[in-house]
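For reference, the structure is listed below as structure tokens.
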Amino acid sequence: MEKIFNNIEEVLSAIVMFVMLMLTFVNVIARYFLSSSISFTEEITTSLFVLLCTLGAAIAVKHNAHLGLSLITDKLSRKWQRRFYLLACALGVIFSLVLFYKGIFMAIHEYELKQISITLQWPEWIYGSFVPIGAFFLTVRFIQAFFESLSQKEA
């Protein structure tokens, strides 16, 4: 179970990318051979891209691969580098919690208004729910990074 949780973003990202790849490939083939586009593929891939971006951000946090201001922090002592890392994680938690909160209200608002997508006529809240789902994973990884750094001994 722990292995599944540790790699859940990678698994979900792989599935999302595969679906996006297949939809785009089918659309390209249709354009080439049928001289017409399958319009719903663009709607789905655009929406899945939102989920893919937030999952990718969570993966980057997990692997400590986010962009940083190393020009400044490299000149600091290990103690201050750690403090800035903890601050960055705390700000990341705040940002991702706000994204999660706002994403939930966006999806609820779309549900209440009964908004539907243009091409497939699917409820917009389905696509809107990708924001809080991705933000949830991002929040978990920022919290995890914060506590892992906190548990390490200061140099």
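Coordinate-derived values only; no laboratory data. Here the structure is a predicted model, which is why all the values come from computation and not from measurement. Heads up, the Cβs are rebuilt from the backbone with ideal geometry, glycines too, and the neighbour counts pull from every protein chain shown.
Quick notes on this one:
- Residues being surrounded by 15 or more Cβ atoms within 10 Å (Cβ to Cβ) and not small (Gly, Ala, Ser) - total across the stretch 54-72: 5
- Residue count, the stretch 93-141 (criterion: hydroxyl-bearing (Ser, Thr, Tyr), surrounded by 14 or more Cβ atoms within 10 Å (Cβ to Cβ), part of a helix (DSSP H, G or I) and over 12 Å from the mean Cα position of the chain (by Cα)): 2
- Pair list, Cβ under 7 Å, 6 or more apart: the stretch 11-38 residue free of Cβ contacts under 8 Å to residues at least 24 places away in the same chain, other residue part of a loop (DSSP other than H, G, I, E, B) and hydrophobic (A, V, I, L, M, F, W, C): Val26/Ile38; Asn27/Ile38; Ala30/Ile38
- Selection count, the stretch 26-43, where residues are in contact with a helix residue (DSSP H, G or I) (Cβ under 9 Å, 6 or more places away or on another chain) and either among the hydrophobic types (A, V, I, L, M, F, W, C) or part of a loop (DSSP other than H, G, I, E, B) (or both): 6
- Residue in the stretch 73-85 that is surrounded by 12 or more Cβ atoms within 10 Å (Cβ to Cβ) and not in a helix (DSSP H, G or I) present: yes
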